[in-house]
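Scroll down for the structure; my scribbles are underneath it.
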Amino acid sequence: MKIEHNPRVAWVLAITGLALATGPAASQAQVSLATVVDLAQRESMVVRLAEADVQKAAAALAQTKDAYIPNFVIGSTVGYSHGFPTGQPSIGNATMQSLVLSYSQRQYTRAARAGVEAANLSLKDAREQVALDASAAYVELDTVNRELESAGEQEKLTGNLVRIEEQRTEAGVDPTVDLLQARLTAANLRLNRLHLETRAATLGKQLAMLTGLPTGSIVPDHASIPEIPSVSVGDGPHVLPGIEAAAAVALSKRFMARGDDLSWRRPLIGFGAVYNYDSNELNSYSTYYKNFTPNNISFGLQITVPFFDFSLRAKAKQSAAEALRSRVEAEQAQRQNEVQIAQLTGNLRELDAQAEVAGLKQQIATQQLSAVLAQLELGNGGSGPGAPAQLSPKAEQLARIEERQKVEEALDASFELAKARLSLLRALGHMEDWLHELHAK
């Protein structure tokens, strides 16, 4: 398989890698999602192993075809002999052999072609899986970074809240439990920030391992992430490359089994030719062979007709069992993928609803914050019966903290929805469409 590379993309990747790998001033830089995916596909060990399998399968196909091309081998068996000659006095020799007719070889060639197709499909499947892993990690890191910004704002707000509560407690306005509650809120938010920082560090290391860039050097560019399309089971007859690869392997095994079965049922014809330049200088051939000539040649066809070869019959049965196993494995992979699609489809509906709920909660929190700020600005206290109490700066801080919390929850829900959509794209065989959209952005 010939792997095509886009020169423009290659230059972009080379410049990006050089900029990130050199100089402390360029230790961090925004890298687009398309660049991360391309780097991950180039650096992935799984992809490189799949490329080696493609080359191996192509060589195996060439080997089955080359069996019909005569080989040419030259050599020499110079040696001294005394008495009755025990070998041919060849100074130089040349041999030529090739396959002329083999019913089995035709099946082996078909098996090799199917093997090449299976290797190409496995390579495509590996590239798509790497693209999925890189995309999911990139989108999650972008989400976590945005959540960290919100968490930083929350910590500042809780710091203000704790100071307000300390003053109100000292003045005897609020009980001590309110101050403890404010400190607990601050501790929980600090724990949440540490959790987000750990996630960000882990994702940064994962992306570094995928792309080969220095750890912590990748800053996601949110604008480079296209909208992940929502797909369903009925959106086109796409098939997962991994399942197609399993089917191609099963087909290759079936052709191999046919070839092994024909090897003990059909004749085999081969061609051979031998040329020898003989000498009588180091032996006594002329004493025993009166018509000695230096130049000798022979050629002809070798016809093999198997009658009783139980070894070949046993090998044919073994190959048939392997073909059956491969076919069952391909069917099993298809069924497992169908189950995964059903699970992802169900989860996607729930995550879509959760994202909608989280978005509505964020909007409500935003509206409540606006109402609190308006009341604080205009004043809402009164001395009449039933009049609402005057809001304190404490209410503002609590409203702002709540609004930031809902923002984080909405970001989390959006990421889980995006991750599920990416997984469904992969399971339905639409990953290539996603990659085209990614590079077109």
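Each value in this text was obtained by applying a stated rule to the coordinates, not by laboratory testing. If you're wondering where the values come from, they're calculated on a predicted model, not measured in any experiment. In this analysis, Cβ positions are derived from the backbone assuming ideal geometry, glycine residues included, and neighbour counts consider all displayed protein chains.
With the helix formula -39500 (n - 2.57) applied to DSSP H stretches of n ≥ 4, the chain reaches a computed 222 nm mean residue ellipticity of -24000 deg cm²/dmol. In the chain, the DSSP beta bridges split such that about 90 percent are antiparallel, to the nearest 5.
By count of other Cβ within 10 Å, fewest leading, how are Asp260, Asp412 ordered?
Details: Asp260 24, Asp412 17.
Listed from fewest to most nearby Cβ atoms, that is Asp412, Asp260.
Rounded to the nearest 10 degrees, the angle from helix 33-43 to the longest Cα principal axis of the chain is 30 degrees. Exceedance of the 26 Å cut-off in Cα-Cα distance is limited, within the set Lys406/Lys441; Lys205/Lys419; Lys124/Lys419; Lys124/Lys441; Lys56/Lys315; Lys394/Lys419, to Lys406/Lys441; Lys394/Lys419. Between the helical axis of 310-378 and the dominant principal axis of the chain, each derived from Cα atoms, what acute angle in degrees is found, rounded to the nearest 10? For helix 310-378, the angle is close to 20 degrees. Of the Cα atoms belonging to the range 128-189, the radius of gyration and Dmax stand at 18.9, 64 Å. Just checking the listed ones, Ser224, Ser104, Ser286: in the Gaussian network model of the chain with Cα springs under 10 Å, the one fluctuating most is Ser286. Taking chymotrypsin sites (Phe, Trp or Tyr not before Pro) as exposed when their DSSP state is a loop state and no more than 11 other Cβ atoms lie within 10 Å, the longest site-free interval of the chain runs over 81-306. Which GluC sites (Glu not before Pro) in the range 274-369 sit in a loop by DSSP (not H, G, I, E or B) and have at most 11 other Cβ atoms within 10 Å of their own Cβ? In loop regions of the range 274-369 (DSSP not H, G, I, E or B), the sparsely surrounded GluC sites (Glu not before Pro) are Glu281. Would you tally the net charge around Val78, using a Cβ to Cβ cut-off of less than 14 Å, leaving Val78 out, and scoring K and R as +1, D and E as -1? Counting the neighbours of Val78, the net charge comes to -2. Helix 176-211 and the long axis of the chain differ in direction by around 20°, with both axes built from C-alpha atoms. Checking [x] 172; [y] 266; [z] 134 against the coordinates, the calculated volume of the Cα convex hull per residue in Å³ falls under label [y].
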